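My questions all concern the structure below.
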Amino acid sequence: MPEADISLQSWLQIGQGIGMESLKIVGGRALRGQIEIGGSKNATLPILAVSLLCPETLLLRNVPKLSDVSSMLHLVRHLGCTLQVEGKQLLLNTATITTEDAPYDIVRKMRTSILVLGPLLGRFGKARVSLPGGCAIGTRPIDLHLKGFRQMGAEISLEQGYISAVVPGRRLQGAEIELEFASVGATQNLMMAAVLADGVTCITRSAREPEIAQLADCLNSMGADVRGAGSTRIEIHGVQQLHEATYAIEVDRIQSGSYAMMVAASGGQAFLGGMNLEHLGQAREVLTHAGVEMTQYPDGVEVRAATLCPIDVVTAPYPGFPTDLQAQLMVLLSLADGRSTICEKIFENRFMHVPELQRMGADIQLEGDCAIINATPADERTHLGGAAVMATDLRASFCLIMLGLVAEGVTLVQRLYHLDRGYEDITTKLLALGADVKRGKVDAF
Ligand code: UD1
């Protein structure tokens with residue numbers, strides 16, 4: 001097999017066949033050292049879908065090697081996109097699309113697959129995409145996506161588990177779209193569709209996450225005319241076609257926040273290369289109040305633990321505290337002396353890590369969509385002990401590792417495949433920070 005094909009296969013195989021691996025952690029070591037935070041998963045996924053909008057080549061830099069990225073690559077490849085890999089650079093070309101049909105087998109692995117709907121409708125005026133199906137953290141409907149496409153002139157029907165969408169006259173029409181909720185996915189999907197529409201589309205109450213601005217930057221570098229991304233009103237002036245471009249994915253803010261909290265929870269000190277505090281929104285203040293000391297340098301952030309303090313936090317769309325850092329914050333606050341609360345307002349079922357954290361000795365009670373966390377100082381703490389625990393979703397997996405690093409004894413985090421969706425090379429990073437961890441099949445430990 002030529003070398004280029006081998007590296008492509010290595011991308012397409014991420015997360016395949018290692019579903020039964022676990023992480024064994026021996027707790028008690030403060031994390032110290034330096035790691036590099038990789039490219040943003042949530043910026044990469046929509047940008048891979050962008051490649052479907054343009055017959056010319058899109059070169060992406062700093063693409064993270066994650067299983068969600070691999071799933072999206074499988075999907076765009078299925079649709080006809082050709083891929084080339086050079087290190088962490090991906091070249092995507094969709095000069096020829098072989099089908100506008102995104103099948104259940106690929107879509108069910110990752111809900112973000114729904115983001116191919118906008119580009120396919122925008123460029124070809126038709127698409128058939130499987131409904132994504134259930135999700136562990138909540139129902140996650142896509143009604144706002146579909147309502148917006150209808151406003152732009154698409155005729156949409158749901159048949160046999162598929163969304164069938166067609167645009168009479170092929171080109172979508174610009175529209176005034178007011179979202180009922182600042183949905184990240186709906187903002188991205190509608191923005192991508194509107195780029196090639198006739199006229200101007202305005203999306204109001206749009207999501208403001210930095211990944212939305214990155215998507216707009218990428219589209220604009222390809223010749224699109226997207227204005228206001230990052231604010232609550234995005235204006236997209238349709239253009240006839242896009243052209244080739246090169247775009248570098250920014251560093252992942254959720255991974256950055258996750259590792260910052262992990263280092264602080266362990267009582268250590270580390271340099272997180274590439275981290276940018278500007279992208280944390282209110283999470284920066286929340287972490288600072290909770291006792292995570294962060295100093296920005298040109299090439300990253302130095303993190304160290306101060307005295308951890310209890311706080312009350314509510315998750316909210318950006319710039320509010322992100323739901324994607326909620327589980328990690330819960331572990332941090334389990335080590336802060338006093339009573340904290342975290343209310344989860346984005347997803348209705350995102351506390352599945354709580355029973356596992358309780359099994360390790362954390363004092364957390366659930367009351368509706370709020371978690372009450374009671375923590376005592378380390379010397380009075382009854383017991384935080386290692387246990388065999390089950391990862392239930394991506395961010396929950398990380399929080400279990402965080403507590404495992406602090407708890408006494410051995411923790412075994414099972415179902416590690418969740419982690420590979422969003423944390424690149426985590427074992428290597430933990431080892432670089434001096435953690436006592438080992439990854440493998442349970443019977444090998
Ligand atoms: C994105 C992120 C995910 C993050 C989430 C919230 C990616 C790949 N994923 O997910 O990591 O946790 O934002 O910040 O970027 N909703 C509707 N109808 C819709 C769409 C959404 O009711 O049509 C609701 C959802 O049920 C949920 C809320 O809006 O309660 C947030 O969803 P959304 O912002 O769309 O999240 P995702 O784009 O799926």
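When you go through (1) farther than 20 Å from L75 by Cβ; (2) buried (at least 17 other Cβ atoms within 10 Å of the Cβ); (3) within 27 Å of the chain's Cα centre (by Cα) one by one for E180, which number turns out not to apply?
(2)
Going by what's in this entry, would E211 be described as in contact with a strand residue (DSSP E or B) (Cβ under 8 Å, 6 or more places away or on another chain), charged (D, E, K, R) and closer than 23 Å to P64 by Cα?
No.
Specify the residue that is farthest from G125 (Cα to Cα); the eligible residues are those in the range 151-177 that are open to solvent by 20 Å² or more (accessible area, probe 1.4 Å) and hydrophobic (A, V, I, L, M, F, W, C).
The selected residue is L158.
Which condition number does Q255 fail, the rest of (1) within 20 Å of the chain's Cα centre (by Cα); (2) surrounded by fewer than 24 Cβ atoms within 10 Å (Cβ to Cβ) being met?
(2)
Hey, another quick one. Could you check how many residues of the range 42-72 are over 17 Å from V107 (Cα atoms), in contact with a helix residue (DSSP H, G or I) (Cβ under 9 Å, 6 or more places away or on another chain) and charged (D, E, K, R)?
Residues meeting the conditions: 1.
Table: residues versus (1) of a type in the set (G, A, S); (2) in contact (Cβ under 8 Å) with a residue 12 or more places away in the chain; (3) crowded, with 22+ Cβ neighbours inside 10 Å.
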position	(1), (2), (3)
K65	no, yes, no
L91	no, yes, no
Y104	no, yes, no
R108	no, yes, no
G122	yes, yes, yes
R128	no, yes, no
A136	yes, yes, no
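Give me a count of the residues in the range 183-195 that are out of contact with any Leu (no Cβ under 6 Å at 6 or more places or on another chain) and open to solvent by less than 10 Å² (accessible area, probe 1.4 Å).
Total satisfying the criteria: 5.
Go through the range 206-229 and report how many residues are without any contact (Cβ under 8 Å) to a residue 60 or more places away in the chain and within 15 Å of the ligand (Cβ to nearest atom).
So the count comes out to 5.
Okay, moving on. With respect to R339, is the statement that it is at pLDDT 95 or above and either in contact with a strand residue (DSSP E or B) (Cβ under 7 Å, 6 or more places away or on another chain) or surrounded by 18 or more Cβ atoms within 10 Å (Cβ to Cβ) (or both) true?
For R339, the condition - at pLDDT 95 or above and either in contact with a strand residue (DSSP E or B) (Cβ under 7 Å, 6 or more places away or on another chain) or surrounded by 18 or more Cβ atoms within 10 Å (Cβ to Cβ) (or both) - is met.
Scan the range 188-205 residue by residue and report those that are in contact with a strand residue (DSSP E or B) (Cβ under 9 Å, 6 or more places away or on another chain) and either assigned to a strand (DSSP E or B) or near the ligand (Cβ under 8 Å from one of its atoms) (or both).
Scanning the range 188-205 gives D198, V200, T201, C202, I203, T204.
Go over the candidates G291, G238 one by one and state the one that is within 30 Å of R123 (Cα to Cα) and either among the polar types (S, T, N, Q) or over 18 Å from the mean Cα position of the chain (by Cα) (or both).
After ruling out the rest, the residue left standing is G238.
Got at least one residue in the range 429-438 being open to solvent by 10 Å² or more (accessible area, probe 1.4 Å), more than 15 Å from E21 (Cα to Cα) and hydrophobic (A, V, I, L, M, F, W, C)?
For the range 429-438, residues open to solvent by 10 Å² or more (accessible area, probe 1.4 Å), more than 15 Å from E21 (Cα to Cα) and hydrophobic (A, V, I, L, M, F, W, C): present.
Restricting to the range 300-328, name every residue that is under 20 Å from L31 (Cα atoms) and either open to solvent by 80 Å² or more (accessible area, probe 1.4 Å) or within 16 Å of the ligand (Cβ to nearest atom) (or both).
Residues satisfying the conditions are R304, T307, L325, A327, Q328.
Continuing with the same structure: I'm trying to understand the selection: among the residues of the range 152-176, which are over 25 Å from the mean Cα position of the chain (by Cα) and in a strand (DSSP E or B)?
E155, I156, S157, L158, E159, S164, A165, V166, Q173, E176
Within 23 Å of I364 (Cα to Cα) and in contact (Cβ under 8 Å) with a residue 40 or more places away in the chain - does that describe any residue in the range 270-283?
Yes, that holds for at least one residue.
The values are calculated or read from the model by the stated rules, or taken from the named source; none is laboratory data. All figures in this text were calculated on a predicted structure; none of them were measured in a lab. Note that we place each Cβ from the backbone using ideal geometry, even for glycine, and neighbour counts take in every protein chain shown. Keep in mind that these areas ignore ligands, DNA and RNA; they rest on the heavy atoms of the full protein, side chains included. Shrake-Rupley method; radii C 1.70, N 1.55, O 1.52, S 1.80 Å.
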